[in-house]
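The values are calculated or read from the model by the stated rules, or taken from the named source; none is laboratory data. Not measured: the values here are computed from a predicted model. FYI the Cβ positions are ideal-geometry reconstructions off the backbone, even for glycines, and counts take in every protein chain you see.
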Amino acid sequence: MKKVVLIGASGFVGSAILNEALNREFHVTAVVRHPEKIKRVDERLKVVKADVSSVDQVYEVCKGFDTVISAFNPGWSNPNIYEETLGGYLTIIDGIKKAGVNRFLMVGGAGSLFIAPGVRLVDSGEVPDAIMPGVQALSEFYLIFLRKEKEVDWVFFSPAADLSHGVRSGRYRLGKDDMITDVTGNSHISVEDYALAMINELEKPAHHYERFTIGY
């Protein structure tokens, strides 16, 4: 049986990943703060309410699973997004390790991608102030904490700078640490193609203990 835990399944990215996984016949345990936000009904879907700031709650929902995907985000308008993002992901890592999870796929941010030699997006001055705390938190979690993790086989999947609703084209490019841009210099990807690539990585792991990125 193909099964996975999806943390943050009701959010913008999480809901796209949820739909892609279910459409490809995965059994999904969706971990959310507000179960009523999950509108899809599917016999392969189990919705669980849990608080990812609790190691024990993360452990309880993840035990018995080999793989966890996290699209956790405390909300871009949350005034405490920086602290809650860092704290939440540190707790998630502790909880999945306690549960014996072997594989962890994380929806990363674009902030830690290089946009020029030696220059990351987060340090470029191009990130709007309104979203800077969340961008910085994801970047710091990857750069300071996740890259040192050796116990769980992880990936940090950074989207393009512009991640928005679009079409599921299946035509995209993957890279490593440099932001992918098109011929006009724009960095963008649909959330549908991002979700497609995430589930491709779930089905056929191609990256281990590393970050990768996507763009058109």
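Points worth noting:
- Ile115 modelled with pLDDT of 95 or more, part of a strand (DSSP E or B), out of contact with any Ser or Thr (no Cβ under 9 Å at 6 or more places or on another chain) and among the β-branched types (Val, Ile, Thr): no
- Single residue of Val68, Val41, Val28 found to be outside any strand (DSSP E or B) and either buried (at least 17 other Cβ atoms within 10 Å of the Cβ) or on the phi < 0 side of the Ramachandran plot (or both): Val41
Residue-by-condition table, conditions (1) surrounded by fewer than 22 Cβ atoms within 10 Å (Cβ to Cβ); (2) at pLDDT 95 or above; (3) over 15 Å from the mean Cα position of the chain (by Cα):
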{"residue": "Glu60", "(1), (2), (3)": "yes, yes, yes"}
{"residue": "Gly75", "(1), (2), (3)": "yes, no, no"}
{"residue": "Glu83", "(1), (2), (3)": "yes, yes, yes"}
{"residue": "Leu138", "(1), (2), (3)": "no, yes, no"}
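Per-residue answers, yes or no, for (1) over 16 Å from the mean Cα position of the chain (by Cα); (2) part of a helix (DSSP H, G or I); (3) closer than 27 Å to Ser124 by Cα; (4) not β-branched (Val, Ile, Thr):
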{"residue": "Ile144", "(1), (2), (3), (4)": "yes, yes, yes, no"}
{"residue": "Glu151", "(1), (2), (3), (4)": "yes, no, no, yes"}
{"residue": "Phe157", "(1), (2), (3), (4)": "no, no, yes, yes"}
{"residue": "Leu163", "(1), (2), (3), (4)": "no, no, yes, yes"}
{"residue": "Ile199", "(1), (2), (3), (4)": "no, yes, no, no"}
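- Residue that is of a type outside the set (Val, Ile, Thr) and touching a Ser or Thr at 6+ places or on another chain (Cβ under 7 Å), where the choices are Gly175, Gly185, Gly170: Gly175
- Scan segment 89-121 for residues that are buried (at least 23 other Cβ atoms within 10 Å of the Cβ) and either closer than 15 Å to Ser139 by Cα or free of Cβ contacts under 8 Å to residues at least 24 places away in the same chain (or both) and the total you get is 7.
- Hits in segment 103-128 (condition: touching a Phe, Trp or Tyr at 6+ places or on another chain (Cβ under 7 Å) and not polar (S, T, N, Q)): Phe104, Leu105, Met106, Val107, Gly108, Arg120
- Some residue of segment 91-103 being part of a loop (DSSP other than H, G, I, E, B), of a type in the set (Val, Ile, Thr) and either under 27 Å from Val28 (Cα atoms) or under 18 Å from the mean Cα position of the chain (by Cα) (or both): yes
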